[in-house]
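No lab work stands behind these numbers, since they all come straight from the coordinates. Just so you know, these numbers come straight off a predicted model, no measurement behind them. No Cβ is skipped: glycine too gets one built from the backbone with ideal geometry, and neighbour counts run over all protein chains shown.
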Amino acid sequence: MVDFTSRQLRAFLLVAQHRSFSRAAGALFITPSGLSLLIRELEHQLGVRLFDRTTRHVALTASGNELLAVAQRNLQELDGTMSRIGRSATEAGVSLSIGTPPLLMARVVAPAIKEFRSHHPSLRFQLFDSDSGSVMQKVQSGALDMGLGVFVKHLPGVRRVPWFRFSPVVIRADSSEQTRRATTTWSALKGEKLISLPRTIPLQQLIDKHLAKAGVPYQPYLTVNYLNTQIAMVEAGHGVAIVPSYGHIACRDRGIVMSRLVNPVVYMDSYQIWHAGRKLPPLAEEFTSFLQSYIVSWAGRSGVL
């Protein structure tokens with residue numbers, strides 16, 4: 001029996017539609033490498049190659065064409081069935097436990113839950129807001145159904161799939177017109193008073209790696225435990241901070257300006273994780289897909305991704 005996921009099937013359909021891994025990855029809002037992993041897993045499970053790939057060309061194989069015909073015909077029916085199952089599960093009072101970093105929970109997940117529950121009013125959420133390392137440990141132990149966030153390490157027994165990608169941005173107190181720059185280079189942060197998270201946090205490890213590549217030494221002016229505290233310290237004029245672009249919501253109307261980091265342009269890939277030995281509740285995938293759409297809508301309005 002082939003054990004495939006709807007995420008793999010949607011990835012396959014998008015590549016077949018766009019004839020491009022990079023464009024399909026953009027449509028799914030994941031990285032090209034994450035999309036390639038989904039396709040490779042599906043091909044491995046089927047035991048056949050679905051695409052002939054070159055650096056300039058992507059084409060369906062005979063097996064790919066055969067799967068495409070079936071997938072296109074049945075995916076709509078699958079979506080309808082999943083929706084009905086979800087509604088039935090909701091009526092039975094299903095709960096879903098989720099862990100995310102506090103700022104992501106407060107500014108993105110919490111309002112998304114409110115909108116999602118308008119269609120599933122009986123669904124109960126159990127939430128855990130903490131750093132990514134603690135969320136991953138809770139998932140690994142089975143205490144959480146799933147986690148969302150930047151998870152650099154891959155722990156045994158934990159499945160990790162691409163979920164969304166954010167951009168790192170530098171935030172400053174809005175003290176002058178000079179601070180209102182659309183972009184800032186990584187190297188330009190040399191000599192700035194950086195307000196950082198602890199180096200044990202995966203998000204900070206990713207930031208430190210790119211600062212080092214730009215020749216900016218690790219010399220934080222202040223170290224705090226949470227993104228919300230970073231934002232508050234920047235607002236108070238203590239220095240600058242590098243935060244994920246979803247922090248835009250927390251910075252609005254607080255005398256803070258945001259500038260996209262360039263040279264190089266970097267993405268913070270976030271993941272959905274769950275225990276490999278456990279089956280996710282029926283509504284978990286539906287909520288994850290809804291959350292992706294919610295972020296896309298918000299990003300389109302705010303222009304920060």
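General remarks:
- Simple spin-label estimate for Ser63 and Asn263 gives 4.8 nm between the two label positions (7 Å along the Cα-to-Cβ direction from each Cα).
- All Cα-Cα separations within the range 166-305 were binned at 10 Å from zero, giving a P(r) of 11, 39, 32, 14, 4, 0, each value a whole percent of the pairs.
- The amide H of Gly149, built 1.01 Å from its N in the peptide plane, has Tyr271 as neighbours under 5 Å, considering only residues 5 or more places off or on other chains.
- Other residues with beta-carbon under 14 Å from the beta-carbon of Thr100 carry, at +1 per Lys or Arg and -1 per Asp or Glu, a net charge of -1.
- Karplus-derived 3J(HN,Hα) values for the range 191-197, using 6.51 cos²θ - 1.76 cosθ + 1.60 with θ = phi - 60°, are x, 6, 7, 8, 9, 10, 8 Hz; glycine and proline are entered as x.
- Computed over the chain, the P(r) curve from all C-alpha pair distances, binned at 10 Å from the origin, holds 6, 24, 31, 24, 12, 3, 0 percent per bin.
- Here's how it looks for Phe125: its modeled amide H is under 5 Å from those of Leu96, which are all 5 or more places away or on a different chain.
- For the range 64-70, backbone phi angles converted through the Karplus equation (6.51, -1.76, 1.60; θ = phi - 60°) give residue-by-residue couplings of x, 4, 5, 5, 4, 4, 6 Hz, Gly and Pro being listed as x.
- In this Cβ point-charge picture (+1 for Lys and Arg, -1 for Asp and Glu), the chain has a dipole of about 440 debye about its Cα centre.
- Based on the Stokes-Einstein relation at 4 °C and a viscosity of 1.567 mPa s, and on the Kirkwood radius from alpha carbon pairs, the range 202-253 is assigned a translational diffusion coefficient of 108 µm²/s.
- With the highest mean first, a sort of the peptides 94-107, 113-126 on other beta-carbon atoms found within 10 angstrom per residue produces 94-107, 113-126.
- Amide H contacts for Ala276 (H built 1.01 Å from N in the peptide plane; partners 5 or more residues away or on another chain; cut-off under 5 Å): Val158, Arg159.
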